[in-house]
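Participant: Pasting in a structure now, in structure tokens, and then I'll have a few things to ask.
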Amino acid sequence: MNKAFVKESDNDDEEAIALAQAIPAGAKNYITPAGYQRIKDELLQLIDVERPEVVKVVHWAASNGDRSENGDYIYGKRRLRQIDGRIRFLTKRMDSAAVVDPSVQHGNDQIFFGATVTYCNSAGEEHTVTIVGIDELDPLNGKISWVSPVARALTKAREGDLITLQTPLGPDELEVLSVRYPAPAGD
């Protein structure tokens, strides 16, 4: 069968749809300045470096003649589709981003976006998390999304507060031990 009539599924498209749905309807795409810069850097790397290199390979492969069994051409075109999809996704994310500098909250003991919070659950386990944007999510390094259940439960609490987190196993009591924000630049 001719590949022109076969829709290849790209995992990147599915990932983009899942991430886009993660932002609650009508909510802004909050992101820290560092997170926004990472997205911008990735976008520029794709546009200025990766895409031109792949275009050269595809152009060279196309000049070799028969494209139907030309691996460089076929996989180059597939990679171009992936790069273009990622560029569209990153562009949309940057367009919808609301950059929030958490350092403006420096010294505050109330939890908002960008706070690094240490809390203790009812089992006595201590956890430290930083509330960041959806695009900055890294749970293995303690970065949780502002739309996560833990972040939502912690938001607006203060040091020393006891809050209730609804979990699949039932309610869990969390005690806020400390709240920190990064210092403003220049301090």
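The values are calculated or read from the model by the stated rules, or taken from the named source; none is laboratory data. The structure presented is a predicted model; accordingly, all values stated were derived computationally and were not measured. Cβ coordinates were reconstructed from backbone atoms using ideal geometry, including for glycine residues, and neighbour counts include every protein chain displayed. With ligands, DNA and RNA removed, areas are computed over all heavy atoms of the protein, side chains included. Shrake-Rupley method; radii C 1.70, N 1.55, O 1.52, S 1.80 Å.
Participant: If R158 satisfies every condition in (1) under 29 Å from Q37 (Cβ atoms); (2) open to solvent by 40 Å² or more (accessible area, probe 1.4 Å); (3) more than 20 Å from the chain's Cα centre (by Cα); (4) not hydrophobic (A, V, I, L, M, F, W, C) but one, which is the exception?
Facilitator: In the conditions (1) under 29 Å from Q37 (Cβ atoms); (2) open to solvent by 40 Å² or more (accessible area, probe 1.4 Å); (3) more than 20 Å from the chain's Cα centre (by Cα); (4) not hydrophobic (A, V, I, L, M, F, W, C), R158 misses (1) alone.
Yes or no, residue by residue, for (1) over 23 Å from G107 (Cβ atoms); (2) out of contact with any strand residue (DSSP E or B) (no Cβ under 7 Å at 6 or more places or on another chain):
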{"site": "G124", "(1), (2)": "yes, yes"}
{"site": "T128", "(1), (2)": "no, no"}
{"site": "L137", "(1), (2)": "yes, no"}
{"site": "R158", "(1), (2)": "no, no"}
{"site": "E175", "(1), (2)": "no, no"}
{"site": "A183", "(1), (2)": "no, yes"}
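Participant: For the range 162-179, does any single residue satisfy the condition of being farther than 21 Å from P33 by Cβ, open to solvent by 70 Å² or more (accessible area, probe 1.4 Å), free of Cβ contacts under 8 Å to residues at least 60 places away in the same chain and among the β-branched types (V, I, T)?
Facilitator: yes
Participant: Can you spot a residue in the range 135-150 that is within 14 Å of T32 (Cα to Cα), polar (S, T, N, Q), assigned to a helix (DSSP H, G or I) and open to solvent by 30 Å² or more (accessible area, probe 1.4 Å)?
Facilitator: no
Participant: Of all residues being open to solvent by less than 80 Å² (accessible area, probe 1.4 Å) and in contact with a helix residue (DSSP H, G or I) (Cβ under 7 Å, 6 or more places away or on another chain) in the range 56-76, which is nearest to V104 (Cα to Cα)? Just the residue, please.
Facilitator: Applying the filter and picking the extreme gives G76.
Participant: Tell me, which residue of the range 126-151 that is charged (D, E, K, R) and modelled with pLDDT of 95 or more is nearest to L174 (Cα to Cα)?
Facilitator: Applying the filter and picking the extreme gives E126.
Participant: Filter the range 125-134 down to the residues that are within 13 Å of V150 (Cα to Cα) and surrounded by 24 or more Cβ atoms within 10 Å (Cβ to Cβ), then identify the one that is farthest from the chain's Cα centre (by Cα).
Facilitator: I131
Participant: Here is a follow-up. As an exercise: evaluate S122 against (1) open to solvent by 80 Å² or more (accessible area, probe 1.4 Å); (2) outside any loop (DSSP other than H, G, I, E, B); (3) among the hydroxyl-bearing types (S, T, Y) and give the number of the one condition it does not meet.
Facilitator: The number of the failed condition is (2).
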